[in-house]
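The values are calculated or read from the model by the stated rules, or taken from the named source; none is laboratory data. Quick caveat, the model's predicted, so the values are computed rather than measured. Backbone-built Cβ (ideal geometry, glycine too); neighbour counts: all protein chains shown. Side chains are part of the model used for accessible areas, which takes the heavy atoms of the whole protein and leaves out ligands, DNA and RNA. Shrake-Rupley method; radii C 1.70, N 1.55, O 1.52, S 1.80 Å.
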Amino acid sequence: MRKSPSVNNIRILGCMLVMYRRIKKQERYLKSYLPGLLRAIVPDYQETFSAKDVKRITKYWQLALNLVCDNVYKLTGKKLSEAEHKSIILLSVFGPLFDDLFDDHILNYEQITSLVTAPEEYKAINKNDRLAKDLYLELLRSIPRRQQFIEHLQAVAHWQQESLKQLNSDISAAELQEITYKKSYYAVLLFCSLLDNYPDQKILEILYPAAGLMQLTNDAFDVWKDVHKGVYTLPNLYRNFLALKQLFLTETSTINHHLWQLPYPARAKQTFAIIIHSLHAMGWMSLEQLQQVTVGVTSIEELKQLSRKELVCDMDSFSQQLKWLRHIRTFTNYIDK
């Protein structure tokens, strides 16, 4: 294992403090901006979007903006335009609604495919898909590459459909890993397709493993919720935490190896790595906790008996935050080649 000394604790802490202040500012901004945006598309938006919906939209937006769109642009020396910012917010409203079409069985796959492929001709059957259609058409009117966006959304729909296999405990580990990676990767590409400057192939080679680890992080944090909903993931079904941690290290090394080869300023590459790996470090901490609390657990039924506190990694304590910063540094500097 080789570790680069290029990123120290002060650099990590400074970057995370900037990100923390940015997130708080973003929350205030979206709270004031979103009503006007929604009112123009959905006149009765206050009846349609609850406080819980707005919180979900905000989280969706902040992840897409900070980990993907703005992060890629800052790496490559670009700045998001006002139009791009608006599109990212619109997609952050549309994305959860689109997920619900699957998760809440509002439409079947054929209906969803029809909506995605030919939205102008699609005949809405209820309030939910009518709203999704309106937001989708608004996005298509404003983005730079309509056909690419549609193709990425078709891929998102396909992997959402494939993810229904996660309701069956017979799903193999290989199938689970492919679904985990690809449903996250195409969601990332969907946001990238909003940008005037789509990432080149070298950056896409970084985004694929990064997206996979993002979803694995989410799955690790959601073990308690998923086992009670009957959703099977790599962390809850197979519980091979040593293999999952090795996967994190392998993918982190791949990300960093490709990143350091890019022709951008060293500081920009460091910032990109710190931000990307800040989420992956949380996934690692969650896996460590799950590894400890599931010793002796041999089935999903036994896993269900563990408490939410045991299965959910709490990131709020000062000691946990210090540990998180140390893991971010390890991941940011890690190359095993």
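Contact annotation: residue pairs with Cβ atoms under 7 Å, 6 or more positions apart or on different chains, pairing a residue in region 69-81 that is closer than 11 Å to LYS269 by Cβ and at pLDDT 95 or above with a partner that is of a type in the set (Phe, Trp, Tyr) and surrounded by fewer than 18 Cβ atoms within 10 Å (Cβ to Cβ), are LEU75/TYR264; THR76/TYR264. Quick check on LYS304: is it out of contact with any helix residue (DSSP H, G or I) (no Cβ under 7 Å at 6 or more places or on another chain), closer than 19 Å to ASN236 by Cα and of a type outside the set (S, T, N, Q)? No, not satisfied. Based on what the data block shows, is TYR33 aromatic (Phe, Trp, Tyr), under 24 Å from LEU195 (Cβ atoms) and free of Cβ contacts under 8 Å to residues at least 24 places away in the same chain? Spelling it out, it is not the case that TYR33 is aromatic (Phe, Trp, Tyr), under 24 Å from LEU195 (Cβ atoms) and free of Cβ contacts under 8 Å to residues at least 24 places away in the same chain. Looking for something loosely packed, with under 15 Cβ neighbours inside 10 Å and not in a helix (DSSP H, G or I) - is there at least one such residue anywhere in region 80-99? Yes, because at least one residue in region 80-99 is loosely packed, with under 15 Cβ neighbours inside 10 Å and not in a helix (DSSP H, G or I). Under 7 Å between Cβ atoms, at least 6 apart or on separate chains: pull out the pairs that start in region 207-226 with a residue that is assigned to a helix (DSSP H, G or I) and end on any residue that is open to solvent by 10 Å² or more (accessible area, probe 1.4 Å) and at pLDDT below 95. Hits for this filter: zero, empty list.
Listed here are the residues, each with its yes/no results for (1) in contact with a strand residue (DSSP E or B) (Cβ under 6 Å, 6 or more places away or on another chain); (2) open to solvent by 10 Å² or more (accessible area, probe 1.4 Å); (3) under 14 Å from SER286 (Cβ atoms).
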| residue | (1), (2), (3) |
| --- | --- |
| GLN177 | no, yes, no |
| THR180 | no, no, no |
| LYS183 | no, yes, no |
| LEU195 | no, no, no |
| TYR198 | no, yes, no |
| LYS202 | no, yes, no |
| PRO209 | no, no, no |
| GLY212 | no, no, no |
| ASP219 | no, no, yes |
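Cβ separations smaller than 7 Å between residues 6+ apart or across chains give the following pairs from region 160-174 residues that are surrounded by 13 or more Cβ atoms within 10 Å (Cβ to Cβ) to residues that are polar (S, T, N, Q): GLN166/THR233. Candidates are the residues of region 1-46 that are of a type in the set (Gly, Ala, Ser) and in a helix (DSSP H, G or I); the one that is modelled with the lowest pLDDT is ALA40. Criterion first (farther than 20 Å from LYS133 by Cβ and in a helix (DSSP H, G or I)) does TYR60 satisfy it? No; evaluated as a whole, the condition is false for this residue. Scanning region 49-75 for residues that are open to solvent by less than 30 Å² (accessible area, probe 1.4 Å) and not hydrophobic (A, V, I, L, M, F, W, C) yields THR58, GLN62, ASN66, ASP70, ASN71, TYR73.
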